[in-house]
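First the structure, in the form of structure tokens, and then the observations on it.
FYI, it's all coordinate maths here, none of it is from the lab. Because the structure is predicted, anything quoted here is derived from the model rather than measured. FYI the Cβ positions are ideal-geometry reconstructions off the backbone, even for glycines, and counts take in every protein chain you see.
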């Protein structure tokens, strides 16, 4: 059958081919790019005194803070905006609209 010399060369050649034939790591071209919210992307400084910026995240009809699916913010920025809106309301920089005044305004029962 096989001589010991031939068997030995086959083992060496298979070990050599395994070390040279490793798969190359390639990034997935179909992976979607990571989206950032515009506050993180543009490095906007948030402050409770910036009422004009904070009012963009509040409904003018109900006074409620819009959700993430509407604002497009990331989770940390959405929480920060919500706390800053509450702080601005607490210090009297923005008004708070209650549901009862909303119902009277639109004559709801």
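Ordered by the number of other Cβ atoms lying within 10 Å of each residue's own Cβ, fewest first, 34, 90 fall into the sequence 34, 90. When Rg and Dmax are taken over the Cα atoms of the range 20-90, they come to 18.5, 67 Å.
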